[in-house]
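To start, the structure under review is shown below, and the notes come after it.
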Amino acid sequence: MSTESASTAITRNQVDLLDFIDWSGVECLNQNTSHSVVNALKQGYREDEGLKLESDADEQLLICIPFTQVIKLHSMLIIGPEEDGPRTVKLFANKEHMGFSNVSDYPPSDTVVFTPEHLKGKPVALKYVKFQSVRSLTIFIEENQEGADITQVQKIVLYGSTVETTDMKGLKKIEDH
Amino acid sequence: MVLEATMICIDNSEWTRNGDYSPTRFQAQADAVNLICGAKTQSNPENTVGILTMAGKGVRVLVTPTSDLGKILACMHGLEVGGEMNLAAGIQVAQLALKHRQNKKQQQRIIVFAGSPVKYDKKVLETIGKKLKKNSVALDIVDFGEEGDEKPEKLEALLASVNNSDSSHIVHVPAGPNALSDVLISTPIFTGDGEGGGSGFAAAAAAASGGGGYDFGVDPNLDPELALALRVSMEEERARQEAAAKKTADEAAKQGGESSNSQDATMTENVAADDVKGNDQMDEETALLQQALSMSMGDPSSSHSGKSTGDVDMMDASTDDQELAMALQMSVEESAKDTEMNKVLGDQSFMSSILASLPGVDPNDPSVKDLLASLQGQGEPQKKDEDQSKEEEKK
């Protein structure tokens, strides 16, 4: 019952952060180029169940998502297949230039273990206090449910709210008359 | 037009002092690097290129990825050659340099020049390769210079572990008269992944290099249609030759098969028919072959007579038939020494064509015809010489 109330709380006050993602800076390491991160993140693509993000050389994935303004991250949702969906996911706030070689250099802001139930569409609440001023989020998918070589992700949704700041990128230069 | 950040790993070890690539391996490599930098920065204005050296005191990054071509070219001057190449360290440093690129949209690519032996195990290289693949870095390898110690195999293994949807390439460049950069210009390292823009890329690079080894000696930039026509005709000719070679091979195989089949009683009739047919074909072929052989044998003699006519031409206007006869006689004597030449002389049409080419000799003249007939009959040089001189005198 408590989880039920948590999930309703998520949807009540928080918004989908899709509109605040800085697409030019989104990067995914170890993605299969024909099944790229866009399939899991972008509106339209992520709703299509046939389009998936897949890992390439091994099961790990490293997704870096910068935002156009400072946000507060409340919870996240990952949908994926029961067998190949992500299991252990580490989240890092404001750590740019991360690679697989230095994922263990910093303590993650939060570590989430996804269950098959979560992968069917149940959002996971994060340590809200750790994500109060987020400019970029790095999602490190460490392993998948059954230890397969390829991890598949169908949809990633981030829920949160914006901090009241000016979107500097939205400003336009005013021409002199 | 791929948006790329490239790190080029230069081999400046002692091995690159070798002069088997002109002028030296190192200089040839430097030229190729200049060319690649030009091509990369031209293909997309936002492309960046960086350079590091793998030998010397250690791996040294000369320029971090930049789009400033002047900066890149300037760092290539005054490089010292020395030490041993450290391939693994070089690639890893290059990867690190690429990781911190400014523009995350750029694809990452490392180009490695390996002119000295590779001391690392295949396993080590494969681990590095997998790491590159995981970090979505493409790798191009230019294998030149030293070949021993399973170097090509090791590099191939490295490439295989990196290669992701054919974005990485390896080029083996053996030592030879061609400049390293000229060889590279037609490879996927320059032309990209076979995209539409690829040829333009190469052409731009060629223009940047200031010309050089064009196919057929035609600059494709100046006359693209002519270049295309030449290329197409060359390809057609190649296809034709291949088809002909295949046909002869097939025929040979067929005949081999028939001879083995001929033991089969039920097949005997067909086979016999086929054999006859095959023999006919063979006869025809051998005849053609002999004709070709005699033609090629005839070449020296025809050039011989050509020379004699030239001699005659060069003589005074007062040249008389006596001298002509002498010259002809000499040439005939010389050619007659060779037994093979007798056959040629026996060939009436050939002889008459030669005679026709001689000034003042009418091949339709009955005496000449007599002479030719006698040539065919005996092929005795002495006799025919007498005949010939007689005939000339008659004139």
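Compute the normalised compactness of region B:112-192: alpha-carbon radius of gyration over 2.2 N^0.38 Å, N being the residue count. Show your work: numbers first, answer last.
Numbers: Rg = 12.7 Å, N = 81, 2.2 N^0.38 = 11.7 Å.
Scaled against compact globular proteins, the figure is 1.09.
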### Message
Using the Kirkwood formula on the Cα atoms of region B:67-123, what hydrodynamic radius do you get, in angstrom to one decimal?
### Response
13.9
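Give me the inter-chain shielding for B:158-170: mean count of other chain Cβ atoms within 10 Å, whole number please.
Working: counts 0, 0, 0, 1, 1, 0, 5, 4, 0, 1, 0, 0, 0.
Partner Cβ neighbours, averaged per residue: 1.
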#### Entry: Amide proton proximity set for residue B:8, modelled H, under 5 Å, gap of 5+
B:50, B:51, B:52, B:111
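Return the Rg/Rh ratio of region A:48-111 with Cα-based radii and a Kirkwood Rh. List each step's numbers first, then the result.
Numbers: Rg = 13.4 Å, Rh = 14.0 Å.
Across region A:48-111, the Cα-based Rg/Rh ratio is 0.96.
Taking the mean number of other Cβ atoms within 10 Å as a proxy for protection, how do you rank B:248-254, B:55-61, B:99-105 from highest to lowest? Before the final figure, lay out each step's value.
Working: B:248-254: 10.9, B:55-61: 16.7, B:99-105: 15.1.
Ranking the peptides B:248-254, B:55-61, B:99-105 by packing returns B:55-61, B:99-105, B:248-254.
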### Message
How are the alpha carbon pair distances in region B:149-190 distributed across 10 Å bins from zero to the largest one, expressed in percent?
### Response
25, 45, 29, 1
### Query
Angle between the Cα long axis of helix A:2-13 and the longest principal axis of chain A, 0 to 90 degrees, nearest 10?
30
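State whether region B:1-56 is rounded, prolate or oblate according to the following rule on the C-alpha gyration tensor (a ≥ b ≥ c being the square roots of its eigenvalues): a/c under 1.5 gives rounded; otherwise a/b larger than b/c gives prolate, and the remaining case gives oblate. Don't jump to the answer; show the numbers that get you there.
Working: a/c = 4.63, a/b = 2.03, b/c = 2.28.
Oblate, because a/c is 1.5 or more while a/b does not exceed b/c.
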### Mean-position separation - Cα centroids, region B:224-257 and region B:77-131, in angstrom
42
## Note on the structure
Lys and Arg at +1, Asp and Glu at -1: neighbours of residue A:113 with Cβ under 12 Å from its Cβ sum to -2
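How shielded is B:132-138 by partner chains, expressed as the average number of their Cβ atoms within 10 Å of its Cβ atoms?
Values: counts 1, 4, 12, 7, 10, 1, 0.
Rounded to a whole number, the mean comes out at 5.
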### Task
Calculate, axis by axis, the spread of Cα positions in chain A along the three principal axes, and write the results as whole Å, longest axis first.
63, 41, 35
### Summary
Share of Cα-Cα pairs in region B:16-130 beyond 24 Å, whole percent, is 28
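Suppose R0 equals 45 Å. What FRET efficiency, 1/(1 + (r/R0)^6) with r the Cβ-Cβ distance, do residue A:48 and residue B:225 give to the nearest 0.05? Working shown, then result.
Values: r = 46 Å, r/R0 = 1.03.
The calculated FRET efficiency here is 0.45.
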### Summary
With 0.36 nm assigned to each residue of separation and the Cα-Cα distance removed, residue B:330 to residue B:67 gains 87.3 nm
### Query
Roughly how many whole Å is it from the C-alpha centroid of region B:161-176 to that of region B:37-69?
19
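Return the FRET efficiency for the residue pair residue A:150, residue A:174: r is the Cβ-Cβ distance, R0 is 60 Å, and the value is rounded to the nearest 0.05. Display every interim value, and only then the final one.
Values: r = 51 Å, r/R0 = 0.84.
E(calc), rounded to 0.05, equals 0.75.
Bear in mind that the values in this text are calculations on the coordinates, not laboratory data. Just so you know, these numbers come straight off a predicted model, no measurement behind them. When we count neighbours, we look across all protein chains shown, and the Cβ atoms used for this are built from the backbone with ideal geometry, even at glycine.
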